[in-house]
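Here's the structure, in structure tokens; my notes come after.
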Amino acid sequence: MSRKLFLLTVLALVCLLSSCTHYYYAPNTLHAPFLQKQHDTQVNVGIVGGDEFSGWEANALYSPVKYAAVMLNHFQVRHGSRSFEDNEDWGEGRLTEFAVGAYLPANEINCFSVTWPPKRIIAGGRRLVFYDYDEPTDHHLADDQACLCVLYNSIFYTFITAHPKCIKVWDASNGELISVFRDLTAKEITCICLDDRKRKLFVGDQKGRLFSINIKNGAKMKKFKKSKKKNKRKRTDKDDISSLYFWGDEEAKKNILIAASWDGRVRLYDDSTSEQEGAKRYSMKKHKDSVNFIDFKPS
């Protein structure tokens, strides 16, 4: 009994003689680094405060080298003032942090807008980016410029339309635009044709250049050598590729591309190899004027 009384007495004395310490919770701001390239810098200075405290904080972020950055944070708050001798209910605190880390640039787009005129797409993120586009303002048109040729691809169930400045691929089931391939050549496109597998598209242009692209992504696959002219003409208005025809012989493992031009020639190119350049095999000069169309019937 005397032992329990002693413990209760000690506990009561501890409660009477002890004092309470005031506790303040002052969180600092979470700073998320947004860096894109070397020498990017961010500096933030602000005032913080709560019901029982006030103070300030500063944050600095710098990228001295590509994909690496250093960060420095300082946070300082206080409650009350030391200037009064009888002010015992005061407090202050400081927090300084230093960090070194790596980053990868993020091309995040938060919003965008379309203007007309001019025909432009404005994308906004950490910076503004302007894209000029050439799509027709009349959505009932395939393009602002004329449609030169239309092909049907039975493998991918699409239509392919050729225009002077681009090639477009359309979904045959609903008419929606799937892909647009631009800047394929410096001159205007004049004609197109597909290979037997319907996966390769041959393109001829106004300058007489001839090349092939992947119909799925528009990547250039092969260019065909243009014949060297012994006597250079001053006029270059008869170089247009006017018609193309592809012939593939699986047994002989030969793929021949036949091209007609406004200069009156019909040329045969070898597309049998996977090399990036296709060689010209034969050239026929039987016409005095332009050749506008060709067809082929294998023997």
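The values are calculated or read from the model by the stated rules, or taken from the named source; none is laboratory data. Please read these numbers as outputs of a predicted model, since none were measured by experiment. Neighbour counts are summed over all protein chains in view; Cβ atoms, including those assigned to glycine, are modelled from backbone coordinates with ideal geometry.
Some points to look at:
- Search result, residues across region 171-199 that are surrounded by fewer than 19 Cβ atoms within 10 Å (Cβ to Cβ) and not in a loop (DSSP other than H, G, I, E, B): D171, L177, I178, S179, V180, R182
- For region 92-140, the set of residues classified as at pLDDT 75 or above and in contact with a Lys or Arg (Cβ under 8 Å, 6 or more places away or on another chain) consists of E92, G93, V114, F130, Y131, D132, listed by residue number.
- Among the residues making up region 50-61, those that are more than 11 Å from E97 (Cβ to Cβ) and either touching a residue at least 24 places away in the same chain (Cβ under 8 Å) or surrounded by 17 or more Cβ atoms within 10 Å (Cβ to Cβ) (or both) are G50, E52, F53, S54, G55, L61.
- Taking region 187-210 as the range and being under 20 Å from D239 (Cβ atoms) and among the hydrophobic types (A, V, I, L, M, F, W, C) as the test, the residues that pass are I189, C191, I192, C193, F202, V203, L210.
- Residue count for region 145-170, restricted to those that are part of a strand (DSSP E or B) and not basic (K, R): 15
- Tally of residues being β-branched (V, I, T) and outside any strand (DSSP E or B) across region 200-211: 0
- For first residues located in region 152-178 and farther than 23 Å from S242 by Cα, partners that are charged (D, E, K, R) and lie 6+ apart or on another chain with Cβ distances below 6 Å form the pairs I155/K198; I178/D171.
- If only residues of region 242-295 that are part of a loop (DSSP other than H, G, I, E, B) and among the hydroxyl-bearing types (S, T, Y) are counted, the one that is nearest to I213 (Cα to Cα) is S274.
- Taking the criterion of being part of a strand (DSSP E or B) and surrounded by fewer than 16 Cβ atoms within 10 Å (Cβ to Cβ), the residues of region 63-76 that qualify are P64, V65, A68, V70, L72.
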